[in-house]
Amino acid sequence: MMVYRLSRKKYSGKLSGKGAALSGNRWNSKGVEMIYTSESRALAMAEVIVHLSLAVLPKDFVLLEIEIPDVIEIKKITPRDLPENWNTFPHHPSTQQTGDAFIRDCKCAVLQVPSAVVNGDFNFLLNPFDPDFKRIQITSQHPFLIDQRLIKW
C-alpha cells in the first residue's frame, strides 16, 4: 500500500514523529511521536492547507511516497468508533487519547483513521516504535508543485 506525506526537504530523508510531538495534533498529544500520512496525494495537501495557506507554503516542500508492505497489519478506526464531535477544532481529547494509546501499546505499526478534513477519506498514522515500522520505506520524493490557481483563493 502506498501512502503520502508532505514534508520540508530538510526533513524528508527519514520518517520521524518528532515534528508531531512538538505541538500535538488531532491524533497525538504534545510529546508523543507519530507520523501522519494520507491515502492520496490530494488528501496529504488538504491536511496541510488547513493549517497553512498555500500562498505561504514553504517552497521546499516535497511529496513523499511511502510504501507500507502488505504483510503489515493495519488497525482501523471508523467514525462510528469515535464520539460525535471527534472532528471539531480544537481537537477532541478522545482522538489524542486514541492516538497516544496506539503509540504506547505498540501493538501494530499502522493505524487507519478517518480524515477530519475530507469526509470519507483516511489518514494512516505510523508508530515509529513498533518493530514492523522498520519495514515501512520512503520509495520516492518529488518537489511539491502547486497550481498557481489554487493560491488565488
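No lab work stands behind these numbers, since they all come straight from the coordinates. Because the structure is a prediction, the values reported are computed rather than measured. As a convention, Cβ positions derive from the backbone with ideal geometry for all residues, glycine included, and neighbour counts pool all protein chains shown.
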Which condition from (1) touching a residue at least 40 places away in the same chain (Cβ under 8 Å); (2) touching a helix residue (DSSP H, G or I) at 6+ places or on another chain (Cβ under 8 Å); (3) assigned to a loop (DSSP other than H, G, I, E, B) is the one that Asn123 breaks? (3)
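Hey, among the residues in region 126-149 that are of a type in the set (S, T, N, Q) and outside any strand (DSSP E or B), which one's surrounded by the fewest Cβ atoms within 10 Å (Cβ to Cβ)?
Our first condition is that a residue be of a type in the set (S, T, N, Q); within region 126-149, this holds for 127, 137, 139-141, 148.
In the following step, the residues that additionally are outside any strand (DSSP E or B) were identified as 127, 148.
Numbers: Asn127: 25, Gln148: 9.
The qualifying residue surrounded by the fewest Cβ atoms within 10 Å (Cβ to Cβ) is Gln148.
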Can you name every residue in region 25-42 that is among the hydrophobic types (A, V, I, L, M, F, W, C), over 10 Å from the mean Cα position of the chain (by Cα) and buried (at least 17 other Cβ atoms within 10 Å of the Cβ)? Val32
Within region 82-116, which residues are of a type in the set (A, V, I, L, M) and surrounded by fewer than 18 Cβ atoms within 10 Å (Cβ to Cβ)? Leu82, Ala101
How do the pairs read when you match residues in region 11-39 that are within 15 Å of Pro128 (Cα to Cα) with residues anywhere that are hydroxyl-bearing (Ser, Thr, Tyr) and surrounded by 21 or more Cβ atoms within 10 Å (Cβ to Cβ), using Cβ under 7 Å and keeping only pairs 6 or more apart or on different chains? Ala20/Tyr36; Trp27/Thr95
Which of the residues that make up region 1-22 are touching a helix residue (DSSP H, G or I) at 6+ places or on another chain (Cβ under 6 Å) and surrounded by fewer than 15 Cβ atoms within 10 Å (Cβ to Cβ)? none
Within region 126-140, work out how many residues are under 20 Å from Asn25 (Cα atoms) and either free of Cβ contacts under 8 Å to residues at least 24 places away in the same chain or in contact with a helix residue (DSSP H, G or I) (Cβ under 6 Å, 6 or more places away or on another chain) (or both). 1
Return the only residue of Val50, Val62 being out of contact with any Lys or Arg (no Cβ under 7 Å at 6 or more places or on another chain) and in contact (Cβ under 8 Å) with a residue 24 or more places away in the chain. Val50
